[in-house]
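Here is the structure we will look at, set down as structure tokens.
Bear in mind these aren't lab numbers, they're just calculated from the coordinates by the rules spelled out. None of these values were measured; they are calculated from a predicted model. Neighbour counts run over all protein chains shown; Cβ positions are idealised from the backbone, glycine included.
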Ligand code: NZQ
Ligand code: ZN
């Protein structure tokens, strides 16, 4: 196992009817900006619960943060933060609203000329404006990590940012919110969390037995709850296990002491930036091809994954590893998720070259667990995914 440090300061408030507890988590004197998305919270009762909890606080609202939070829209919220002298941010939404809030937390205290530089130049945020979250969609883990992904439609770019200053102070996880999530987003949430675990697990053996078993436990739990939650999102038992699995998949714990990959996300983000494909679906497009392309490096962990997660016990390491890739792709199909780029756009010709070119221009020549995956490799993988 490698050396590591681990600190996650986010307080999780988990369970039924816990939204009301934000009242005591947010300082009474703070002027709060409540941020949300396209309006789902006004249809499922979450908006009323938050407003009731903050009845004694001074609250201003900013709605309309879209999926794949858009820089230009966030700049409007940033103006409001400055104009209204806001001191605390509250994200009420899924990964997009939480990530948008993280960007604002950082940008509010940033004194450079152009906040996009935080993303473009990968400036870490060591201190941000304090914020909390009310999670409405289990998927990204953003509610308990310090990363964010922001989109800029103008340049068709999607970049990550983060830093120790961007952990939420608290996150409320009430599994009852899952009841109103549409099928498409439920499938996305399962697939995103599943891929988060794979990015931190499907590398090479690192003698980190506990990390492996926690990762396998999250994968097994997601596999177990997937059909239940798809059939009935108001099933509280399934929803609570789904929600906690998504948080645990990307709160930093399972990546400690082990190599991690994240190249699938790097390529996937480009597909969202270019075509607007849902984040999770881009991972289902790239993931299986990435594992095939990097088979030699990954085959031992793939075989372990086959045995322990999918109960595929027969055959050689290579046979089990191949069967695991196939079974993973079938799992995505069972969720109604297509795994070929051509199923999402007719315009796919040239995509691999464009992504290869972007990676090359940005100097992204050392992706993957060994920092050996070049822009040429990325181009080949994306082409395999057509
Ligand atoms: O906008 P509203 O009307 O609220 O509707 C949303 C949105 O259309 C809807 N929704 C959310 N909660 C709901 C609900 N509908 C009914 N009932 C509810 N309870 O779901 C739609 C999608 O929401 P979004 O927040 O975009 O989804 P998700 O949580 O999957 O977030 C995706 C974003 O997170 C980034 C992705 O790149 C993408 O931009 N990621 C962030 C990560 C992080 N910060 O750690 C890691 C991930 O790998 C990912 O990259
Ligand atoms: Zn993801």
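Largest mean-square fluctuation among 85, 251, 241, in a Gaussian network model of the chain whose springs join Cα atoms under 10 Å apart, belongs to 85.
For the pair residue 56 and residue 311, the difference between a 0.36 nm per residue extended length and the Cα-Cα distance amounts to 86.4 nm. Could you state the number of Å between the C-alpha centres of region 80-130 and region 325-386? Rounded to whole Å, the Cα centres lie 30 Å apart. Computed from the C-beta positions of residue 362 and residue 75 and an R0 of 22 Å, the FRET efficiency is 0.45 to the nearest 0.05.
Among 161, 384, a tally of other beta-carbon atoms within 10 Å of each Cβ gives an order, fewest to most, of 384, 161. Relative to the longest principal axis of the Cα atoms of the chain, the long axis of helix 375-384 makes an angle of roughly 80 degrees.
With neighbour counts taken as other beta-carbon atoms within 10 Å, the residues 21, 245 rank, fewest first, as 21, 245. Only DSSP H runs of four or more residues enter the estimate; each adds -39500 (n - 2.57), and after division by the residues of the chain the mean residue ellipticity at 222 nm equals -15500 deg cm²/dmol. For the chain, the C-alpha radius of gyration divided by 2.2 N^0.38 Å, with N the number of residues, is 0.96.
Measuring between their Cα centroids, region 43-63 and region 197-221 lie 39 Å from each other.
When DSSP beta bridges are restricted to pairs lying wholly in the chain, around 25% turn out antiparallel. For the chain, take the longest principal axis of its alpha carbons; what is the angle in degrees between that and the long axis of helix 95-108, to the nearest 10 within 0 to 90? Around 60 degrees separate the two axes.
Maximal additional length on extending the residue 349-residue 82 stretch stands at 91.7 nm, based on 0.36 nm per residue less the C-alpha distance. Note on region 141-173 and region 259-284: Cα centroid distance 15 Å, given to the nearest whole angstrom.
Would you look at the GNM of the chain, springs on alpha carbons closer than 10 Å, and say which of 367, 126, 274 moves the most? The residue that fluctuates most here is 126.
In terms of the Cα gyration tensor, with a ≥ b ≥ c the square roots of its eigenvalues, is region 296-385 rounded because a/c is under 1.5, prolate because a/b exceeds b/c, or oblate?
oblate
FRET efficiency for the pair residue 330 and residue 210, taken as 1/(1 + (r/R0)^6) with r the Cβ-Cβ distance and R0 = 22 Å, rounds to 0.15. Taking the chain as a Gaussian network of alpha-carbon nodes connected by springs under 10 Å, the highest mean-square fluctuation of the residues 255, 183, 29 belongs to 29.
Working from Cα positions, state the angle (0 to 90°, nearest 10) between the long axis of helix 183-201 and the longest principal axis of the chain. Between the helix axis and the principal axis of the chain, the angle is about 60 degrees. Here the gap between residue 338 and residue 371, fully extended at 0.36 nm per residue and compared with their Cα-Cα distance, gives a gain of 9.0 nm.
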